[in-house]
Amino acid sequence: MTGAMDLLLSVRGHQRVPSDTKEFHEATKRDALMRLKKDLDNLLETVEDTRRPAVQKEMCGFEALYHRFLQEDGPSVEWDRIEKLPEGAVKDYSTIKSPQEDHIRDMLDKLVVVKLNGGLGTSMGCHGPKSVIPVRNDLTFLDLTVQQIEHLNKKYNANVPLVLMNSFNTDEDTEKVIRKYKGFQVQIYTFNQSCYPRISRDSLLPVAKDFAIENDIEAWYPPGHGDFYQSFQNSGLLRKFIEEGREYCFLSNIDNLGATVDIKILNRLIGDDQQGDKPIEFVMEVTDKTRADVKGGTLINYENKLRLLEIAQVPKEHVDDFKSVKTFKFFNTNNIWARLKSIERVLNAKTMNMEIIVNNKTLDNGMRVIQLETAVGAAMKCFDGGIGINVPRSRFLPVKKTSDLLLVMSNLYSLKYGSLVMSPQRMFPTTPLVKLGDNHFSKVNQFLSRFANIPDLIELDHLTVSGDVTFGRGVSLRGTVIIIANHGDRIDIPAGAILENKIVSGNMRILDH
């Protein structure tokens with residue numbers, strides 16, 4: 001039997017349908033919305049009285065997202081209406097002025113730093129929040145973030161707060177961890193993003209039966225980082241910071257080790273380099289696209305507004321155009337600066353309208369579900385006076401896989417006040433391209449067990465490792481190195497080995513005598 005979801009998706013693909021079919025689908029949508037309202041009412045009945053007002057707010061957000069999902073037909077962007085980025089839409093970072101030293105403290109006191117901390121470390125084989133994975137000198141993502149902000153506060157005698165947006169997956173563990181920062185010169189606030197029910201792909205109704213989330217965690221999901229704005233307001237923190245006289249938030253993924261507070265960008269927003277009467281309401285940091293970044297979202301001009309274009313929004317026949325480095329020169333780092341009063345204005349006017357990402361999943365029990373999500377950068381079109389800033393690649397250093405971990409643990413970087421600084425010994429500012437085989441390297445523990453210590457990567461351009469490969473102490477990798485152990489074979493790279501522009505394959509074991 002064709003599910004309601006398949007029916008809806010098939011109608012989205014065709015613009016011309018006979019009127020009776022169209023009426024049938026309209027009726028189907030109306031029916032789905034009515035049934036959803038009834039299901040949500042039943043779910044709310046299971047919430048304890050003290051939590052009900054907060055949960056009701058969340059479910060209103062979910063219902064609005066669901067309603068838009070039903071209403072929107074066809075792609076959100078018509079390819080032929082994408083316009084060239086206007087002159088000056090993307091500022092070059094090198095043209096932004098540094099502030100006068102005696103203004104920095106005042107600027108910092110108008111800033112809030114927000115880190116997206118909703119993700120688990122499961123893709124790298126770790127339990128709990130991703131932010132507590134050690135990445136350098138036994139320091140975690142969270143440790144490094146706290147160090148960075150404490151250094152700023154101490155150096156300029158400022159009071160920049162750190163705000164963590166957790167999800168129901170990471171909240172409890174994060175609260176335990178942040179107790180250790182009590183003596184630090186950083187005020188830490190947390191709030192939870194929404195918790196939405198997953199929807200059955202067949203019935204288009206929530207799979208959850210009650211609000212005992214911990215009893216059926218698979219029935220719920222955090223709806224992407226686009227949920228930041230509404231949840232930030234619901235938490236009361238947005239109003240609190242506005243009342244304190246704070247003006248901007250700087251928001252980034254906690255696993256992007258390059259996303260540190262940038263004094264020059266802050267100066268462009270509220271300091272000596274501020275231009276014109278109208279404040280900039282939204283800044284998206286972009287960086288030059290390379291062939292490794294072809295799937296990343298890009299900045300476009302559409303209907304006279306700058307906006308984010310993600311690969312999921314691109315019609316199939318134009319995906320190659322989207323991936324072209326020539327056509328779209330930049331990609332989104334997900335480092336966002338937004339004016340607090342403007343966030344409040346857009347939310348209160350109910351004009352926050354981000355593209356819906358339909359994420360298909362299959363649960364452990366085989367049930368097919370969908371998650372409706374949004375991306376934080378997609379809100380750009382809802383603000384006035386948004387700009388892009390083309391930042392150096394060093395501001396985009398995400399750790400998504402163990403191949404990224406290899407780079408940040410290596411001698412390519414040194415650690416300074418919680419920030420990673422690329423070694424001056426490296427001839428090029430680009431990071432090497434590293435591909436490690438999933439079967440033997442994808443989990444952190446597996447990965448660590450294969451290196452006696454992290455090799456010297458200062459002169460490395462490209463590394464591919466596949467199969468059962470281990471590295472001895474003091475190995476040096478230079479140029480392009482490819483190491484492939486065939487199935488059933490094993491390669492042990494001996495201690496002190498220097499591999500420069502080498503391909504190693506087959507079976508190589510160095511035996512101790």
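The values are calculated or read from the model by the stated rules, or taken from the named source; none is laboratory data. Only a predicted model underlies this, so the values are computations on that prediction, with no experimental measurement involved. Here the Cβ positions follow ideal geometry from the backbone for every residue, glycine too, while neighbour counts run over all protein chains shown. Only protein heavy atoms, including side chains, enter the accessible area calculation; ligands, DNA and RNA are left aside. Shrake-Rupley method; radii C 1.70, N 1.55, O 1.52, S 1.80 Å.
Of the residues making up the stretch 85-97, those that are touching a helix residue (DSSP H, G or I) at 6+ places or on another chain (Cβ under 9 Å) and surrounded by 15 or more Cβ atoms within 10 Å (Cβ to Cβ) are Lys91, Tyr93, Ile96.
Being assigned to a helix (DSSP H, G or I), in contact (Cβ under 8 Å) with a residue 60 or more places away in the chain and open to solvent by 40 Å² or more (accessible area, probe 1.4 Å) is true of Glu58.
One residue stands out in the stretch 98-133 among those that are within 24 Å of the chain's Cα centre (by Cα) and hydroxyl-bearing (Ser, Thr, Tyr): the one that is least open to solvent (accessible area, probe 1.4 Å), namely Ser131.
Count of the stretch 255-298 residues, restricted to those that are touching a Ser or Thr at 6+ places or on another chain (Cβ under 6 Å) and either among the aromatic types (Phe, Trp, Tyr) or farther than 24 Å from Met352 by Cβ (or both), is 4.
Among the conditions (1) in contact (Cβ under 8 Å) with a residue 24 or more places away in the chain; (2) over 31 Å from the mean Cα position of the chain (by Cα); (3) assigned to a strand (DSSP E or B), Asp492 misses just one, which is (1). Please state which of the following conditions Phe331 fails to meet, knowing it meets all the rest: (1) in a helix (DSSP H, G or I); (2) among the aromatic types (Phe, Trp, Tyr); (3) closer than 27 Å to Lys264 by Cα. Here Phe331 clears every test but (1).
Taken over the stretch 373-397, residues that are over 30 Å from Asp216 (Cα atoms), open to solvent by 10 Å² or more (accessible area, probe 1.4 Å) and in a strand (DSSP E or B) amount to 3.
Highlighted here are the strands (runs of 3 or more DSSP E) found entirely within the stretch 73-181 that include at least 3 residues which are farther than 27 Å from Ala338 by Cα: 134-136. For Lys154, the requirement of being open to solvent by 20 Å² or more (accessible area, probe 1.4 Å) and either among the basic types (Lys, Arg) or in the same structural domain as Leu412 (by the TED database) (or both) is met. Can you tell me how many residues in the stretch 431-447 are among the hydroxyl-bearing types (Ser, Thr, Tyr) and either touching a residue at least 40 places away in the same chain (Cβ under 8 Å) or assigned to a helix (DSSP H, G or I) (or both)? The qualifying residues number 1.
Given the structure, is Phe141 surrounded by 16 or more Cβ atoms within 10 Å (Cβ to Cβ) and within 27 Å of Arg246 (Cβ to Cβ)? When the stated conditions are applied, Phe141 passes them.
Limited to the stretch 354-372, what total is found for residues that are assigned to a loop (DSSP other than H, G, I, E, B) and either open to solvent by 80 Å² or more (accessible area, probe 1.4 Å) or in contact (Cβ under 8 Å) with a residue 60 or more places away in the chain (or both)? The total comes to 7. On the stretch given as the stretch 423-449, residues that are surrounded by 18 or more Cβ atoms within 10 Å (Cβ to Cβ) and either of a type in the set (S, T, N, Q) or over 12 Å from Leu405 (Cβ atoms) (or both) total 3. Taken as a whole, the condition of being modelled with pLDDT under 90, of a type outside the set (Asp, Glu) and closer than 16 Å to Glu58 by Cβ applies to Phe211.
Count of the stretch 490-508 residues, restricted to those that are acidic (Asp, Glu) and exposed (fewer than 14 other Cβ atoms within 10 Å of the Cβ), is 1.
Annotation note: Cβ proximity below 9 Å between a residue of the stretch 109-126 that is within 17 Å of Phe168 (Cα to Cα) and a residue that is open to solvent by 40 Å² or more (accessible area, probe 1.4 Å) and among the aromatic types (Phe, Trp, Tyr) (sequence gap 6+ or interchain) occurs for Gly118/Phe168. The set of residues from the stretch 475-489 being open to solvent by 60 Å² or more (accessible area, probe 1.4 Å) and either in contact with a Ser or Thr (Cβ under 6 Å, 6 or more places away or on another chain) or not in a strand (DSSP E or B) (or both) comprises Ile484, Asn486, His487, Gly488. Going by the conditions given, is Gly418 over 30 Å from Glu150 (Cα atoms), small (Gly, Ala, Ser) and not assigned by the TED database to the domain that holds Asp262? Considered against the rule, which asks whether it is over 30 Å from Glu150 (Cα atoms), small (Gly, Ala, Ser) and not assigned by the TED database to the domain that holds Asp262, Gly418 comes out as no. Among the residues making up the stretch 1-55, those that are open to solvent by 90 Å² or more (accessible area, probe 1.4 Å) and modelled with pLDDT under 75 are Met1, Thr2, His14, Gln15, Arg16, Asp20, Lys22, Glu23, Phe24. Are any of the residues in the stretch 399-410 at pLDDT 95 or above, open to solvent by less than 20 Å² (accessible area, probe 1.4 Å) and over 21 Å from the mean Cα position of the chain (by Cα)? So far as the stretch 399-410 goes, yes, one or more of its residues are at pLDDT 95 or above, open to solvent by less than 20 Å² (accessible area, probe 1.4 Å) and over 21 Å from the mean Cα position of the chain (by Cα). The residues in the stretch 392-420 that are small (Gly, Ala, Ser) and under 21 Å from Asn334 (Cβ atoms) can be counted, and the count is 4.
Conditions (1) of a type in the set (S, T, N, Q); (2) under 30 Å from Glu87 (Cβ atoms), marked per residue:
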| site | (1), (2) |
| --- | --- |
| Asn390 | yes, yes |
| Arg395 | no, yes |
| Lys401 | no, no |
| Lys435 | no, no |
| Lys443 | no, no |
| Pro455 | no, no |
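Of the strands (runs of 3 or more DSSP E) lying entirely inside the stretch 235-319, those containing at least 2 residues that are open to solvent by 10 Å² or more (accessible area, probe 1.4 Å) and within 22 Å of Gly224 (Cα to Cα) span 305-309. For Ser123, the stated conditions do not hold, so it cannot be described as in contact with a Gly (Cβ under 8 Å, 6 or more places away or on another chain) and small (Gly, Ala, Ser).
Every listed requirement among (1) acidic (Asp, Glu); (2) open to solvent by 50 Å² or more (accessible area, probe 1.4 Å); (3) in contact (Cβ under 8 Å) with a residue 60 or more places away in the chain is met by Asp80 save one, (3).
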